[in-house]
């Protein structure tokens, strides 16, 4: 179970301290790279707290992490007694973080030496609730810059307004939790926790909540996060029931996006995201077991049936013909009709 030690600091966190949360499960092959990159940070006078949340690893992840104690004086290793998942691990980190700023790092990724300083400086100079940044995708020896969809840089923006446009990529389509830095007091009010039950798609649900409740943000030219792709054992390449967590995630997102005070376009954007992810999984569902494939189809149809009918119909009309055929067929199958 998570550590029961009491966090220190105020509700806004210790001034000048950056807390970095790393959820880790069986990451002995990569955790040293992640921690070494943090040990090399040039913080510009700030202090660093590193919270390595060991989610009941069965390999040497925690031992290797402990070996960085001298290089990272602010390192704390908090171990779960049983594997609780990435959402619960990040929540444990949030419960114990004491810095005024919070950042996340996945255990198989790493940061350039000035990344944390640039993000913190942007938060301070612009006075925004959170900042976002580009990242570098790493596939073997290949490096590719992946830019955040918002082209306006180093200026104060409204996260609610940047949920739009509906039909092209916007910042809400860039939900990577590690691609930014956040004020501790803002997270406590706007998006204090990830949903423990979500093992995948947890970042999307959390980021929608943050964008709908925060007041300001900025995108910085600070592409110093290196995101490793194609890692063996990654959840994106596993074909089990965890892949279906996008269904409860989007049930929550659609509820947020269509509630009374939400802008009209938010529901359409959320529905379009749901369509894209559902069709992605349906297209590769032959790799699922028959039982899981049935659950995928039934769960997708059920969420379509439970969503506002007018929103679903309007969104389907704006979809390309192949995907529209797939989803309308699922809707009909739920009601016992022939598509």
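Would you confirm, using the coordinates I've provided, whether residue 66 is without any contact (Cβ under 8 Å) to a residue 12 or more places away in the chain and assigned by TED's automatic domain parsing to the domain that holds residue 186? Steps first, please.
Working: without any contact (Cβ under 8 Å) to a residue 12 or more places away in the chain: yes; assigned by TED's automatic domain parsing to the domain that holds residue 186: yes.
Judged against the criteria, residue 66 is a match.
Go through segment 274-286 and give me each residue that's in contact with a helix residue (DSSP H, G or I) (Cβ under 7 Å, 6 or more places away or on another chain) and under 18 Å from residue 168 (Cβ atoms).
Within segment 274-286, the subset in contact with a helix residue (DSSP H, G or I) (Cβ under 7 Å, 6 or more places away or on another chain) is 274-275, 277-279, 281-282, 285.
Across segment 274-286, the qualifying residues are 274, 275, 277, 279.
Would you be able to tell me the number of residues in segment 158-185 that are in contact with a helix residue (DSSP H, G or I) (Cβ under 8 Å, 6 or more places away or on another chain) and in a helix (DSSP H, G or I)?
Residues that pass the stated criteria total 5.
Looking only at segment 47-61, decide whether some residue is closer than 21 Å to residue 115 by Cα, at pLDDT 95 or above, crowded, with 19+ Cβ neighbours inside 10 Å and over 21 Å from the mean Cα position of the chain (by Cα).
Yes: segment 47-61 contains one or more residues that are closer than 21 Å to residue 115 by Cα, at pLDDT 95 or above, crowded, with 19+ Cβ neighbours inside 10 Å and over 21 Å from the mean Cα position of the chain (by Cα).
Do any residues in segment 142-162 that are in the same structural domain as residue 209 (by TED's automatic domain parsing) and at positive phi have Cβ atoms under 7 Å from those of residues that are part of a strand (DSSP E or B) and surrounded by 15 or more Cβ atoms within 10 Å (Cβ to Cβ), where the two are at least six apart or on different chains, and which pairs are they?
154/218; 154/220
Could you please give the count of residues in segment 118-141 that are at positive phi and either at pLDDT below 95 or touching a strand residue (DSSP E or B) at 6+ places or on another chain (Cβ under 7 Å) (or both)? It would help to see each step written out before you state the result.
Filtering segment 118-141 for residues at positive phi gives 127, 140.
Now narrow it down to the ones that are either at pLDDT below 95 or touching a strand residue (DSSP E or B) at 6+ places or on another chain (Cβ under 7 Å) (or both): 140.
So the count comes out to 1.
Would you check if there is a residue in segment 25-42 being modelled with pLDDT under 95 and in contact with a strand residue (DSSP E or B) (Cβ under 7 Å, 6 or more places away or on another chain)?
So far as segment 25-42 goes, no, none of its residues is modelled with pLDDT under 95 and in contact with a strand residue (DSSP E or B) (Cβ under 7 Å, 6 or more places away or on another chain).
Could you tell me which of the residues 229, 193 is within 16 Å of the chain's Cα centre (by Cα), surrounded by fewer than 19 Cβ atoms within 10 Å (Cβ to Cβ) and either over 28 Å from residue 307 (Cα atoms) or not assigned by TED's automatic domain parsing to the domain that holds residue 159 (or both)? I'd like the intermediate steps shown before the answer.
Details: 193 fails: either over 28 Å from residue 307 (Cα atoms) or not assigned by TED's automatic domain parsing to the domain that holds residue 159 (or both).
Checking each option against the conditions leaves just 229.
The values are calculated or read from the model by the stated rules, or taken from the named source; none is laboratory data. None of the values given here were measured: they were computed from a predicted structure. Cβ sites come from the backbone with ideal geometry, for glycine too, and all protein chains shown count toward neighbours.
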